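Undergrad: Quick one: structure below, then a few questions.
Quick note: the coordinates plus some simple rules give every number you see, no bench work behind them. Since the model is a prediction, treat every value here as computed from it, not as a measurement. Please note: Cβ atoms are built from the backbone with ideal geometry, for glycine as well, and neighbour counts cover all protein chains shown.
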Amino acid sequence: MDLKSLIRNVPDFPKAGVQFKDLTTLWKDNCAFKESVDILYERYKDKHINKVVGAESRGFIAGSPVAYLLNAGFVPVRKKGKLPYKQIEVTYELEYGTDIMTVHEDAITEGENVLIVDDLLATGGTLNAMIEIVKTLGGNLIEAAFLVELEFLGGRKNIDCPVYSIVKYTDE
């Protein structure tokens with residue numbers, strides 16, 4: 001299945017000059033959604049993953065079904081002020097600003113095998129924050145997996161872990 005053909009481009013969102021990749025058009029297609037999840041499951045089914053980490057909010061959509069199939073726990077990384085228990089926080093750069101991610105301080109046990117799953121890799125700011133979270137909590141980061149990678153932004157160059165992506169865009 002050509003998953004790329006199901007991703008909608010939305011020009012000038014969230015600001016002028018940005019070409020937003022809308023994955024809701026892929027996710028609403030039951031066969032495409034299943035295939036994207038199955039691709040990730042097949043890649044990691046023998047990697048002994050204990051936890052899948054996903055960032056709010058699209059990482060929840062991409063990561064939760066993968067965690068379920070891997071029989072792994074799911075760790076939601078949230079925006080500041082959304083988690084009720086003791087947490088750690090990391091400030092990170094976005095393509096168009098900064099933000100703060102938080103996670104419960106007991107979300108990952110030292111030595112657990114961790115997979116990061118998110119919808120899209122752009123500049124790598126969000127991923128670097130999640131890597132910092134995993135390392136701070138003592139997790140053994142296996143890889144970071146994405147449905148989409150915007151290769152033309154070069155985010156992979158700034159990442160200190162193996163990266164896998166299903167759909168790649170070499171230009172805008």
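Undergrad: Do the conditions hold for G59, that is, is it out of contact with any Leu (no Cβ under 6 Å at 6 or more places or on another chain) and at positive phi?
TA: no
Undergrad: I've got another one for you. Answer with yes or no whether T98 is surrounded by fewer than 22 Cβ atoms within 10 Å (Cβ to Cβ) and touching a Ser or Thr at 6+ places or on another chain (Cβ under 8 Å).
TA: Yes: the conditions hold for T98.
Undergrad: Separate question: Given the options K21, K47, name the one that is of a type in the set (K, R), under 22 Å from V148 (Cβ atoms) and under 16 Å from the mean Cα position of the chain (by Cα).
TA: Of the residues listed, the single one that is of a type in the set (K, R), under 22 Å from V148 (Cβ atoms) and under 16 Å from the mean Cα position of the chain (by Cα) is K21.
Undergrad: Further question on the same structure: Which ones in segment 1-38 are closer than 26 Å to R78 by Cβ and either surrounded by 16 or more Cβ atoms within 10 Å (Cβ to Cβ) or of a type in the set (A, V, I, L, M, F, W, C) (or both)?
TA: Within segment 1-38, I7, V10, F13, V18, F20, K21, L23, L26, W27, F33, S36, V37 meet the criteria.
Undergrad: May I ask you to verify whether E110 is surrounded by fewer than 16 Cβ atoms within 10 Å (Cβ to Cβ) and not in a strand (DSSP E or B)?
TA: It is true that E110 is surrounded by fewer than 16 Cβ atoms within 10 Å (Cβ to Cβ) and not in a strand (DSSP E or B).
Undergrad: Starting from segment 63-91, take each residue that is under 11 Å from T102 (Cβ atoms) and without any contact (Cβ under 8 Å) to a residue 40 or more places away in the chain and list its partners that are charged (D, E, K, R) and assigned to a strand (DSSP E or B), counting only C-beta distances under 9 angstrom and pairs at least six apart or across chains.
TA: Final answer for the pair search is K79/D99; K80/E89; K80/D99; Q87/R78; T91/D99.
Undergrad: Residues being over 24 Å from L70 (Cα atoms), assigned to a strand (DSSP E or B) and hydroxyl-bearing (S, T, Y): count how many of those fall in segment 139-172.
TA: Matching residues across segment 139-172 total 1.
Undergrad: Suppose we keep only residues that are surrounded by fewer than 20 Cβ atoms within 10 Å (Cβ to Cβ) and of a type outside the set (G, A, S) within segment 113-140. Which one would you say is nearest to D2 (Cα to Cα)?
TA: T123
Undergrad: Taking V90, is it assigned to a strand (DSSP E or B), surrounded by 13 or more Cβ atoms within 10 Å (Cβ to Cβ) and on the phi < 0 side of the Ramachandran plot?
TA: Yes; evaluated as a whole, the condition is true for this residue.
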